[in-house]
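One structure is given below, encoded as structure tokens.
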Amino acid sequence: MKLSQPRIQPLTESEWTSEQREMLAPIKRDGPFYNVLGTLSRHWPAAQKFTTWAFHIMGDTSKLAPREREILILRIGWLCQAEYEWGQHVIFARDAGLSDEEIARVKEGAEGAGWSDFDATLLRAVDELHSEAFVSDKTWAALAEQYNEQQLMDVVFTVGQYNMVSMALNSFGVQLDKGVEGF
């Protein structure tokens, strides 16, 4: 973790407004209730907007297969050295079908031995977005061999979302949730 203590403490249940209680209580009841949500709830108007977009990226409206989405998220989390993001998405990646070997290999990027051509292209897209804020023509063309227009857009949206999330997690000092391993 970049910070051993939070700069912004997660909002406690006793601090919730009635509006926050309406949205957050069912999430806490049905669990898990993540530190990231508690922290973002300190800026309630932003948290409401954030969760709408986050539910697109992680939900049914995204056009990416969960396995491919998690490759993108793990790679940008690794590149940003966002340990909270990495730890949470290792769990989601396993649920999406990535093996522990594949998860570890994400750290190596597209050059890691054993990736399919398409998985390597996904990793390359993340690296390009991270370093250049742009997907090269070559990588775009390779993605477009399997992806439609909305999927191509969701690649950029997913990497961009988790780049921003990584910045927030690192800067706010969001601490790992209980039972979640970091790097």
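Against the list (1) more than 25 Å from K63 (Cβ to Cβ); (2) not in a loop (DSSP other than H, G, I, E, B), the condition V180 fails is (2). Candidates in segment 22-66 are the residues that are modelled with pLDDT under 95, over 15 Å from the mean Cα position of the chain (by Cα) and not in a helix (DSSP H, G or I); of these, the one that is nearest to S171 (Cα to Cα) is F33. Against the condition touching a Ser or Thr at 6+ places or on another chain (Cβ under 6 Å) and crowded, with 17+ Cβ neighbours inside 10 Å, how does I73 come out, does it pass? It is false that I73 is touching a Ser or Thr at 6+ places or on another chain (Cβ under 6 Å) and crowded, with 17+ Cβ neighbours inside 10 Å. Among the residues that make up segment 70-80, is at least one of them among the acidic types (D, E) and at pLDDT 95 or above? Yes. For the residues T158, T121, the requirement of being surrounded by 13 or more Cβ atoms within 10 Å (Cβ to Cβ), polar (S, T, N, Q), more than 25 Å from T52 (Cβ to Cβ) and at pLDDT 95 or above singles out T121. For segment 79-97, what are the residues that are closer than 19 Å to S116 by Cβ, surrounded by fewer than 23 Cβ atoms within 10 Å (Cβ to Cβ) and either of a type outside the set (D, E, K, R) or not assigned by TED's automatic domain parsing to the domain that holds N163 (or both)? Of everything in segment 79-97, those that are closer than 19 Å to S116 by Cβ, surrounded by fewer than 23 Cβ atoms within 10 Å (Cβ to Cβ) and either of a type outside the set (D, E, K, R) or not assigned by TED's automatic domain parsing to the domain that holds N163 (or both) turn out to be A96, G97. Restricting attention to segment 128-140 and to residues that are surrounded by fewer than 20 Cβ atoms within 10 Å (Cβ to Cβ) and of a type outside the set (S, T, Y), the residue that is farthest from I103 (Cα to Cα) turns out to be D137. Right, G160: under 30 Å from P10 (Cα atoms) and outside the structural domain of L72 (by TED's automatic domain parsing) or not? Spelling it out, it is not the case that G160 is under 30 Å from P10 (Cα atoms) and outside the structural domain of L72 (by TED's automatic domain parsing).
Considering only residues that are in contact with a helix residue (DSSP H, G or I) (Cβ under 7 Å, 6 or more places away or on another chain), surrounded by fewer than 14 Cβ atoms within 10 Å (Cβ to Cβ) and in a helix (DSSP H, G or I), which ones fall in segment 141-155? A144 - this is the single residue of segment 141-155 that is in contact with a helix residue (DSSP H, G or I) (Cβ under 7 Å, 6 or more places away or on another chain), surrounded by fewer than 14 Cβ atoms within 10 Å (Cβ to Cβ) and in a helix (DSSP H, G or I). May I ask you to verify whether S166 is surrounded by fewer than 20 Cβ atoms within 10 Å (Cβ to Cβ), in contact (Cβ under 8 Å) with a residue 12 or more places away in the chain and in a helix (DSSP H, G or I)? The answer is no for S166. Residues in segment 1-21 that are assigned to a helix (DSSP H, G or I) and surrounded by 14 or more Cβ atoms within 10 Å (Cβ to Cβ): Q20 alone.
Quick check on N148: is it under 30 Å from A47 (Cβ atoms) and of a type in the set (S, T, N, Q)? The answer is no for N148. Taking segment 96-140 as the range and being assigned to a helix (DSSP H, G or I), under 17 Å from D154 (Cβ atoms), among the hydrophobic types (A, V, I, L, M, F, W, C) and over 17 Å from the mean Cα position of the chain (by Cα) as the test, the residues that pass are F118, W140.
The values are calculated or read from the model by the stated rules, or taken from the named source; none is laboratory data. Because the structure is predicted, anything quoted here is derived from the model rather than measured. Cβ coordinates were reconstructed from backbone atoms using ideal geometry, including for glycine residues, and neighbour counts include every protein chain displayed.
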